[in-house]
Amino acid sequence: MSYLTYIALFGAAVTVFLWLRDARIFFRTGLPGYRKAAYHGVIYGALATLGIVLTVSTLELLGLGLILGALYLQGRIVREKVWEREGTLQRFLGSAPINSANKK
């Protein structure tokens, strides 16, 4: 295994993390931009997983290209602004204020 395999694993983990973060924010706020991001995150996570498979096999650069493409496309989705004065850790973990319409 070369060092590119570790980079691919980290990139795919970031892709899945961002997908789960968008899903958490959608469930807390109900905003349509995060709903779209969570749905598209499933596809981008699958693309990143395919990139890992190709990277572990002999096609390292093609696998890394798929992972970087998934990260790029995931960042292009337009989302609403959720935070006002929250800290970096709260934004990183996706701690968004719960919308009153989503409370049970």
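Only a single item in (1) crowded, with 16+ Cβ neighbours inside 10 Å; (2) at pLDDT below 90; (3) not aliphatic (A, V, I, L, M) is not met by Tyr44, and it is number (2). For the stretch 29-46, a residue qualifies if it is in contact (Cβ under 8 Å) with a residue 24 or more places away in the chain, assigned to a helix (DSSP H, G or I) and hydrophobic (A, V, I, L, M, F, W, C), and exactly one does: Ala37.
Does Ala48 meet the test of being under 18 Å from Val14 (Cα atoms) and out of contact with any Pro (no Cβ under 8 Å at 6 or more places or on another chain)? Don't jump to the end; show me each part of the working.
Details: under 18 Å from Val14 (Cα atoms): yes; out of contact with any Pro (no Cβ under 8 Å at 6 or more places or on another chain): yes.
Taking the combined requirement at face value, the residue satisfies it.
Report yes if Thr58 is under 27 Å from Ser2 (Cα atoms) and outside any helix (DSSP H, G or I), otherwise no. Talk me through it step by step, then tell me what you get.
Numbers: under 27 Å from Ser2 (Cα atoms): yes; outside any helix (DSSP H, G or I): yes.
In short, yes.
Going through the stretch 62-88 one residue at a time, which ones are modelled with pLDDT under 85 and either in a helix (DSSP H, G or I) or over 15 Å from Trp19 (Cα atoms) (or both)? Listed by number, the residues that qualify are Glu80, Lys81, Val82, Trp83, Glu84, Arg85, Glu86, Gly87, Thr88. Restricting attention to the stretch 47-63, the residues that are touching a residue at least 40 places away in the same chain (Cβ under 8 Å) and crowded, with 24+ Cβ neighbours inside 10 Å add up to 3.
Residues of the stretch 25-41 being surrounded by fewer than 17 Cβ atoms within 10 Å (Cβ to Cβ) and aromatic (Phe, Trp, Tyr), which ones? Don't jump to the end; show me each part of the working.
Here is the first cut: in the stretch 25-41, the residues surrounded by fewer than 17 Cβ atoms within 10 Å (Cβ to Cβ) are 27, 30, 32, 36, 39.
Within the stretch 25-41, Phe27, Tyr39 qualify.
Could you tell me whether any residue of the stretch 69-85 is more than 29 Å from Asn99 (Cα to Cα) and either crowded, with 17+ Cβ neighbours inside 10 Å or among the polar types (S, T, N, Q) (or both)? Yes, the conditions are met somewhere in the stretch 69-85. Within the span defined as the stretch 64-87, every residue fails to be of a type in the set (A, V, I, L, M, F, W, C) and without any contact (Cβ under 8 Å) to a residue 12 or more places away in the chain.
Within the stretch 4-24, take every residue that is over 18 Å from Ile43 (Cα atoms) and modelled with pLDDT of 90 or more and give me the one that is surrounded by the most Cβ atoms within 10 Å (Cβ to Cβ). If you could, list the steps in order and put the result at the bottom.
Just the residues of the stretch 4-24 that are over 18 Å from Ile43 (Cα atoms), to begin with: 4-7.
Next cut, modelled with pLDDT of 90 or more only: 6-7.
Numbers: Tyr6: 11, Ile7: 15.
Per the stated criteria, the residue is Ile7.
The values are calculated or read from the model by the stated rules, or taken from the named source; none is laboratory data. Since the structure is predicted, the reported quantities are computational estimates derived from the model, not experimental observations. So basically every Cβ, Gly included, is an ideal-geometry build from the backbone, and we count neighbours across all protein chains shown.
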